[in-house]
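J.: One structure follows; several queries about it will come next.
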Amino acid sequence: MTEPTPDDPFLAGGFEPLRREFDCPDLAVDGEMPDGLDGTYYRVGPNPQFAPRPPYNPLMGDGMVHAFRIADGRVSYRNRWVRTGRWLREHAAGRALFATAGPFGDDPEAGPRPGDGVANTSLVWHAGRLLALEEGALPVEIDPETLETLGPHVFGGALGRNMTAHPKVDPATGALSLFANLPRGRLTGELALYEADAAGVLSPARMVQGPHASIVHDFAITPNFAVFVVCPVTLSLERAQAGRPLIAWEPEAGVEVLAVPRAGGEPLRFETAPCMVWHVMNAFEERGGIVLDLCEQDVAMFPTADGRPPDASRAAQRLARWRLDPRRPGVVERRRLHDAVCEYPRIDERRTGLPYRYGYLAGLGGPGTGDLFQRGLSRFDHATGEVAVWDAGPTVAVSEPVFVARGPEEGDGWLLANTYDEVSGTGALVVLDASDVAAGPVARARLAHRMPMGFHGLWISAASSRRR
């Protein structure tokens, strides 16, 4: 791999791409891996194989999957690039061909962009398939053991050109709810809503019209609704062709929330003041209403339509609760739950779409703080409002937490995350007791090399993997 651009912070330090693929059969472990922790923790993120064509946008860097296999107190590690069509074409050329900052700027020899994108954002396990996801392209199937790229997955031809990076598994039915933003590749504000049953058979798309073309990264489900937050981050090809930003922050457009009945019917529409929402913690139904918990950001980190830079000091994200009343579509009732800066919300996913008590977050850094990295993990207790925090220290970057169940009760389990130590330049997998987050890791599996800080992670138990 060509050396990355040294003055780009997203290609250096904790984000510096790995130059090779590793197979590490037995990692050194500090502490003791918990009894019963048997499965694989996966992480995906951008890892360009060649120095990108400037300017670099990490949201479009080549995807790399990392896997930590845990069994009998021992941990092995493996990483592989996702060999998308784009990766293969650049690998053959020996250099970057595709621009990462937009549809313009590709090398003249690049050719048409392959439909499987970069597969670098998230992962889902459903119907015995491990899929690497990125919202502007098709999912890519990965072998869960070898991490071999098996190719684009189109659900038997039922999926169009793309799907969300954040599908949701309904714990009651095993169905996978998913959507596609801009499903026909036109900047019209359309959303396509799908559901794949427990066997992976995908329903026909239901088209939902949003207020404008926007970045809709995540959504939520309840037993009766799929909920979308359409923020005033607009996309305009005409604007880009005029030399202005393709993606722009236009707060005057406000926010529209769409509650789409999963059984069919027209969406219910709500409006609220401008903000940016990247990730949703959970949603549930209560007393005839919908409760939506999410991380909200006062200002999105995109320029305004005339090209003015964003106000980075207002970019911190904080946990909030929004209430929607389907009987009275209109205004959203909003309440901040805590003042701590947060990102990457996760839950015990057995409670997806249902009333729940605990949420898990990364924090102590990130957008709006002057620090590129989160430096700790927390547990938010919705019953008491209390926050338990593990501070990893000022030189350790911490990823999104992933909950792994231990017993039948909500919150009885572990949190898994990966870390990057800026002093030693090495990575690790940490395991925390989810009921005692402030105590810090009960075990740490250490890598001898760095592992770039990526986006999202996934746990697949050994029992679940054997059922594929």
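What follows draws every value from the coordinates through simple rules; no lab data is involved. All values reported here derive from a predicted model rather than from experimental measurement. Here Cβ is always computed from backbone atoms with ideal geometry, including for glycine, and neighbour counts include all displayed protein chains.
J.: Considering only residues of segment 8-45 that are of a type in the set (Val, Ile, Thr) and under 23 Å from residue 464 (Cβ atoms), which is nearest to the chain's Cα centre (by Cα)?
T.: Only one residue fits best here, namely 44.
J.: Among the residues of segment 428-449, write down those that are outside any strand (DSSP E or B) and under 16 Å from residue 67 (Cβ atoms).
T.: Answer for segment 428-449, where residues must be outside any strand (DSSP E or B) and under 16 Å from residue 67 (Cβ atoms): 447, 449.
J.: Could I ask something else about it? Please return the ranges of strands (runs of 3 or more DSSP E) entirely within segment 261-327 where 1 or more residues are over 19 Å from residue 217 (Cβ atoms), basic (Lys, Arg) and over 17 Å from the mean Cα position of the chain (by Cα).
T.: 268-272, 317-324
J.: Residue 385: under 27 Å from residue 300 (Cβ atoms), of a type outside the set (Ser, Thr, Tyr), surrounded by fewer than 17 Cβ atoms within 10 Å (Cβ to Cβ) and out of contact with any Gly (no Cβ under 9 Å at 6 or more places or on another chain), yes or no?
T.: no
J.: Let me ask something additional. Can you give me the ranges of the strands (runs of 3 or more DSSP E) entirely in segment 328-427 with at least 1 residues that are charged (D, E, K, R), within 26 Å of residue 290 (Cβ to Cβ) and touching an Asp or Glu at 6+ places or on another chain (Cβ under 7 Å)?
T.: 333-346
J.: So how many residues does segment 331-383 have that are free of Cβ contacts under 8 Å to residues at least 12 places away in the same chain and in contact with a helix residue (DSSP H, G or I) (Cβ under 9 Å, 6 or more places away or on another chain)?
T.: Final tally of qualifying residues: 1.
J.: So, in segment 148-194, of the ones that are hydroxyl-bearing (Ser, Thr, Tyr) and over 18 Å from the mean Cα position of the chain (by Cα), which residue ends up farthest from residue 353 (Cα to Cα)?
T.: Only one residue fits best here, namely 149.
J.: Give the residues of segment 124-143 that are touching a residue at least 24 places away in the same chain (Cβ under 8 Å) and within 16 Å of residue 83 (Cβ to Cβ), sorted by residue number.
T.: Passing the criteria: 130, 132, 133, 134, 137, 138, 139, 140, 142.
J.: Can you tell me which residues in segment 91-110 are within 24 Å of residue 244 (Cβ to Cβ) and surrounded by fewer than 13 Cβ atoms within 10 Å (Cβ to Cβ)?
T.: Selection gives 103, 104.
J.: Right, another one. Can you tell me which residue among 446, 466 is closer than 25 Å to residue 142 by Cα and surrounded by fewer than 15 Cβ atoms within 10 Å (Cβ to Cβ)?
T.: Answer to the check: 466.
J.: With respect to the numbered conditions (1) crowded, with 16+ Cβ neighbours inside 10 Å; (2) at negative phi, which one is the sole condition not fulfilled by residue 28?
T.: Result: residue 28 fails condition (1) only.
J.: Could you list, in sequence order, all residues of segment 192-230 that are part of a strand (DSSP E or B), under 23 Å from residue 124 (Cα atoms), in contact (Cβ under 8 Å) with a residue 40 or more places away in the chain and touching a Phe, Trp or Tyr at 6+ places or on another chain (Cβ under 9 Å)?
T.: Answer for segment 192-230, where residues must be part of a strand (DSSP E or B), under 23 Å from residue 124 (Cα atoms), in contact (Cβ under 8 Å) with a residue 40 or more places away in the chain and touching a Phe, Trp or Tyr at 6+ places or on another chain (Cβ under 9 Å): 193, 196, 202, 206, 220, 226, 227, 228, 229.
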